[in-house]
């Protein structure tokens, strides 16, 4: 590392712009690392180091810079091998998304990091590498993880899975795609939750407009990482940067966050099966889960019910209270006494509940389920991408000139 350290020292002494003074002993554009023949120069290293410092990154900066630059050379080489490039409009959108994490426009962000000696090209190269790798991963593994079953979504929305999950309490205004001028006007004029609610009722094209834009609290893990970071990075009671979705331009107001602890019967539903008469103990052990139940029920009358816990008949509710998903119990009272009840699932109602107690059903519920599907797909892709990159690192030729 001594050659690298010498090169960095020369760049630091050269001043904040990173360009060497006349007659500098080290050429900042000489390679200090070669990754499968692709150079990493002292200037690359210095620029990334300044960039991470400008972002407030802690820890061993030099080690993080070296690892990141090696990975990016491998990622870009793999993208080139597969014939993948980043379209300019996607590059600009990626820069906007990254800058928005600091609540700045791209130009303002570039100006801010420039004060630390970071060239715009460094930021552009950083974003380009990340987007190229995302396209590589999707090209290699997108079809493998495309199918997320409804059962997997149900498990993610199960009461057990939601315990202690941090959720964002949001309101939304959805505007048509071409309503940029109105979006900017609302961003400049809305000064609190009451003004946001009034604007939502007046302008939003989403079903939530009639509730003043209020939507169900959403677990942060179901949101895009950049958006979740924006929520976590600041105080409550504020506007968030606008985003574009399939529905149009979306403005959000963050009321706050909470930890999902207790669950009320009004916002959970149970999916269960009744068998009457109840099979004997031996036959009961062979019934299996709810998927195979129909095939093995035999002559018993079978009825499957899905309803909120608040609406479950008392006799059913007492039996269900004793069991978890996949288990069964005998109903001891009421008109169905003697029947067997099998719990298939206990889950949240299509997306939790609104602040006024109204459950999230219909469009909002489906949007939450869509978010869960994307979250599950994203987690799988991330795991596959890490293994993929690990293999590329293992096969790489990394040398120091």
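Would you check which residues across the range 99-111 are within 24 Å of the chain's Cα centre (by Cα) and either closer than 19 Å to residue 52 by Cβ or part of a helix (DSSP H, G or I) (or both) and list them? Quick ask: steps written out before the conclusion?
Of the range 99-111, the ones within 24 Å of the chain's Cα centre (by Cα) are 99-106, 109.
The answer is 99, 100, 101, 102, 104, 106, 109.
Return a yes/no flag: does the range 242-249 have any residue that is touching a helix residue (DSSP H, G or I) at 6+ places or on another chain (Cβ under 7 Å) and modelled with pLDDT under 75.
No, the range 242-249 contains no residue that is touching a helix residue (DSSP H, G or I) at 6+ places or on another chain (Cβ under 7 Å) and modelled with pLDDT under 75.
So, residue 265, is that one in contact with a strand residue (DSSP E or B) (Cβ under 9 Å, 6 or more places away or on another chain) and either modelled with pLDDT of 80 or more or crowded, with 18+ Cβ neighbours inside 10 Å (or both) or not?
It is false that residue 265 is in contact with a strand residue (DSSP E or B) (Cβ under 9 Å, 6 or more places away or on another chain) and either modelled with pLDDT of 80 or more or crowded, with 18+ Cβ neighbours inside 10 Å (or both).
Any residue in the range 38-52 that is surrounded by fewer than 17 Cβ atoms within 10 Å (Cβ to Cβ), under 34 Å from the mean Cα position of the chain (by Cα), outside any loop (DSSP other than H, G, I, E, B) and at pLDDT 90 or above? Step through it out loud before you land on a result.
Applying the first criterion (surrounded by fewer than 17 Cβ atoms within 10 Å (Cβ to Cβ)) to the range 38-52 yields 39.
Those left that are additionally under 34 Å from the mean Cα position of the chain (by Cα): 39.
Those still in the list that are outside any loop (DSSP other than H, G, I, E, B) too: 39.
If we keep only those that are at pLDDT 90 or above too, we end up with 39.
Scanning the range 38-52 turns up at least one residue that is surrounded by fewer than 17 Cβ atoms within 10 Å (Cβ to Cβ), under 34 Å from the mean Cα position of the chain (by Cα), outside any loop (DSSP other than H, G, I, E, B) and at pLDDT 90 or above.
Would you confirm, using the coordinates I've provided, whether residue 219 is touching a helix residue (DSSP H, G or I) at 6+ places or on another chain (Cβ under 8 Å) and modelled with pLDDT under 80? Even if it seems obvious, please write down each step before you answer.
On the way: touching a helix residue (DSSP H, G or I) at 6+ places or on another chain (Cβ under 8 Å): yes; modelled with pLDDT under 80: yes.
The answer is yes for residue 219.
Wholly within the range 166-235, which helices (runs of 4 or more DSSP H) include no fewer than the required count, namely at least 2 residues that are farther than 24 Å from residue 372 by Cα? Let's see the steps before the verdict.
Numbers: elements: 180-189, 193-203, 225-232.
In the range 166-235, 180-189, 193-203 are the helices (runs of 4 or more DSSP H) which contain 2 or more residues that are farther than 24 Å from residue 372 by Cα.
Of the numbered conditions (1) assigned to a loop (DSSP other than H, G, I, E, B); (2) under 28 Å from residue 390 (Cβ atoms); (3) modelled with pLDDT under 90, residue 84 satisfies every one except a single condition; which is it?
(3)
For the subset of the range 99-109 comprising residues that are at pLDDT below 90 and surrounded by fewer than 20 Cβ atoms within 10 Å (Cβ to Cβ), which member is farthest from residue 123 (Cα to Cα)?
Going residue by residue through the range 99-109, those that are at pLDDT below 90 are 99-105.
Next, only the ones that are surrounded by fewer than 20 Cβ atoms within 10 Å (Cβ to Cβ) stay: 101-105.
Details: 101: 14, 102: 14, 103: 16, 104: 14, 105: 13 Å.
Out of the qualifying residues, it is 103.
Mind telling me which of the residues 90, 71 ends up being at pLDDT 90 or above, surrounded by fewer than 19 Cβ atoms within 10 Å (Cβ to Cβ), part of a helix (DSSP H, G or I) and more than 21 Å from the chain's Cα centre (by Cα)? Spell out the reasoning first.
Details: 90 fails: more than 21 Å from the chain's Cα centre (by Cα).
So the residue among 90, 71 that is at pLDDT 90 or above, surrounded by fewer than 19 Cβ atoms within 10 Å (Cβ to Cβ), part of a helix (DSSP H, G or I) and more than 21 Å from the chain's Cα centre (by Cα) is 71.
Any residue that is out of contact with any helix residue (DSSP H, G or I) (no Cβ under 8 Å at 6 or more places or on another chain), buried (at least 17 other Cβ atoms within 10 Å of the Cβ) and either at pLDDT below 75 or not in a helix (DSSP H, G or I) (or both) - is there at least one of those in the range 370-392?
No, the range 370-392 has no match at all.
Looking only at the range 139-176, filter to residues that are at pLDDT 80 or above and surrounded by fewer than 18 Cβ atoms within 10 Å (Cβ to Cβ); which one of those is farthest from residue 240 (Cα to Cα)?
Per the criteria, the residue is 140.
Limited to the range 145-156, what total is found for residues that are over 19 Å from the mean Cα position of the chain (by Cα) and touching a residue at least 40 places away in the same chain (Cβ under 8 Å)? Let's see the steps before the verdict.
First, pick out the residues of the range 145-156 that are over 19 Å from the mean Cα position of the chain (by Cα): 151.
This time we only want the ones that are touching a residue at least 40 places away in the same chain (Cβ under 8 Å), so: none.
Adding up the residues that qualify gives 0.
Please give the number of the condition residue 96 fails out of (1) surrounded by fewer than 18 Cβ atoms within 10 Å (Cβ to Cβ); (2) in a helix (DSSP H, G or I); (3) modelled with pLDDT of 90 or more.
Single failed check for residue 96: (3).
The values are calculated or read from the model by the stated rules, or taken from the named source; none is laboratory data. Not measured: the values here are computed from a predicted model. Because the Cβ atoms are built from the backbone with ideal geometry, glycine has one as well, and the counts that use them run over all protein chains shown.
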